[in-house]
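**Q** Take this structure first; my questions come after.
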Amino acid sequence: MSMSGSAFGMGGFNLDISELTSRAVRSIRSGLAVTGVLSILLGVVVLFWPGVTLDVVAFLFGLYFLVSGAIRVIMGIFTPLSGGLRILNILTGVLIFIVGIVAMRNPLASLAVLGMVIGIAWIVEGVMALTESESGGSRWYAITYGVISIIAGAVVLFLPVGSLAALVVFGGIFLVILGIVEVVRAIAFGRGMPLAS
């Protein structure tokens with residue numbers, strides 16, 4: 001029995017790559033890569049779009065969280081993960097998806113509300129990344145992603161963001177950094193690990 005199965009009973013939360021098929025590894029890599037590339041693209045757009053409005057920033061962050069949440073739900077449903085990871089992926093995906101809808105549906109909400117929504121979503125994503133860090137070569141990228149995501153969430157959530165410019169700079173920089181780490185994690189995920197047949 002794997003460590004993940006014995007540690008928490010019903011499937012556990014640690015991701016044991018040796019229990020995944022090569023198809024499952026490819027699916028997870030694809031999900032990580034899509035989320036990472038989208039994060040980089042949105043971060044660059046947010047950072048380098050002069051005169052960006054709160055509506056646009058809310059829409060772009062909402063779009064990112066919609067896609068990220070949907071990918072988590074899809075991975076939770078269709079990837080042969082342990083029971084605990086399946087449930088955690090689906091619940092986290094639904095929560096992040098809802099955050100995306102809130103950000104997109106209320107673009108005229110105050111900066112404080114938008115900062116709070118973005119901060120909470122990043123903290124949830126970071127905790128999830130740390131929880132599901134796998135035993136393979138991309139473990140350190142998962143841990144790095146989780147820590148940076150939690151820091152990004154805390155910065156956006158707890159530091160006073162008095163202007164759209166500050167939110168754009170913090171948010172854009174963290175989107176780019178998180179995207180780069182996620183793409184590297186996608187490349188490294190499952191490399192050199194024995195897979196289930």
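The values are calculated or read from the model by the stated rules, or taken from the named source; none is laboratory data. Because the structure is a prediction, the values reported are computed rather than measured. Every residue, glycine among them, receives a Cβ derived from its backbone with ideal geometry; neighbour counts consider all protein chains shown.
**Q** So which residues in the stretch 58-97 are surrounded by fewer than 19 Cβ atoms within 10 Å (Cβ to Cβ) and among the aromatic types (F, W, Y), if there are any at all?
**A** Of everything in the stretch 58-97, those that are surrounded by fewer than 19 Cβ atoms within 10 Å (Cβ to Cβ) and among the aromatic types (F, W, Y) turn out to be F59, F78.
**Q** Considering every residue within the stretch 87-94, establish whether at least one is assigned to a helix (DSSP H, G or I), at pLDDT 85 or above and either among the acidic types (D, E) or closer than 22 Å to G172 by Cα (or both).
**A** yes
**Q** If you don't mind, there's one more thing I want to ask. Would you tally the residues in the stretch 3-49 being modelled with pLDDT under 85 and either within 12 Å of P80 (Cβ to Cβ) or polar (S, T, N, Q) (or both)?
**A** Qualifying residue count, the stretch 3-49: 17.
**Q** Exactly one condition in (1) touching a strand residue (DSSP E or B) at 6+ places or on another chain (Cβ under 8 Å); (2) under 17 Å from I120 (Cβ atoms) is not met by A58; state its number.
**A** A58 satisfies every listed condition except (1).
**Q** Could you tell me how many of the residues in the stretch 116-139 are of a type outside the set (A, V, I, L, M), modelled with pLDDT under 80 and part of a helix (DSSP H, G or I)?
**A** 2
**Q** I'd like to verify a number: residues in the stretch 169-193 that are over 14 Å from G153 (Cα atoms) and crowded, with 21+ Cβ neighbours inside 10 Å, how many?
**A** Of the residues in the stretch 169-193, 7 are over 14 Å from G153 (Cα atoms) and crowded, with 21+ Cβ neighbours inside 10 Å.
**Q** Which members of the stretch 153-174 meet the condition of being among the aliphatic types (A, V, I, L, M) and modelled with pLDDT of 85 or more?
**A** A154, I173
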